[in-house]
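The values are calculated or read from the model by the stated rules, or taken from the named source; none is laboratory data. Quick caveat: nothing in here was measured; it's all calculated off a predicted structure. Don't worry about glycine lacking a Cβ; one is built from the backbone with ideal geometry, like all the others, and counts go over all protein chains shown. Only protein heavy atoms, including side chains, enter the accessible area calculation; ligands, DNA and RNA are left aside. Shrake-Rupley method; radii C 1.70, N 1.55, O 1.52, S 1.80 Å.
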Amino acid sequence: NENCCLANILNIIVTIQNRSEKFDCMTEGCDRPYLGPTPTTVCFNTRPITLFRCADGEEWTFPYTLNGTTGTSSVLRIENVEGCCATCRILAPNPDTTPTPDTPYVGTDSFVTINLNCVGALRCLADTFISCA
């Protein structure tokens, strides 16, 4: 949908994330994907986002379950966009007590589908690596 500017931006993010899988992490030069590599040779594969509601400008938060623990998170990985609907994986804070700066989140098996007409704004967070992406 050409009138849905958020869908256009999210489609670009999905394309970049999908391209990251097709390149050697160590490749240097102009044709490497935007995501990664990092100085620690971890290839980024995710550009996490947060979404804000139109009605009140507050962040959307969603429930998830990870390793038997439930929580809520406002951090998402965009998985697919069709028209003005986006499917997102809910990301949780990394439960590892010694996470690296490259892995502040982990992917959950919880997904949401969002009507982008209900989203007023999005914020892109620092690129990262998600093991289940």
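Numerical summary
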{"quantity": "Set VAL81, VAL106: member being open to solvent by less than 60 Å² (accessible area, probe 1.4 Å), part of a strand (DSSP E or B), touching a residue at least 24 places away in the same chain (Cβ under 8 Å) and within 19 Å of CYS5 (Cβ to Cβ)", "calculated": "VAL81"}
{"quantity": "Hits in the range 116-132 (condition: open to solvent by 40 Å² or more (accessible area, probe 1.4 Å), outside any helix (DSSP H, G or I) and not hydrophobic (A, V, I, L, M, F, W, C))", "calculated": "GLY120, ARG123, SER131"}
{"quantity": "Residues that are among the small types (Gly, Ala, Ser) and at pLDDT 55 or above, drawn from the range 20-66", "calculated": "SER20, GLY36, ALA55, GLY57"}
{"quantity": "Members of the range 1-19 that are farther than 13 Å from ASN80 by Cβ, open to solvent by less than 80 Å² (accessible area, probe 1.4 Å) and modelled with pLDDT under 85", "calculated": "CYS4, ILE16"}
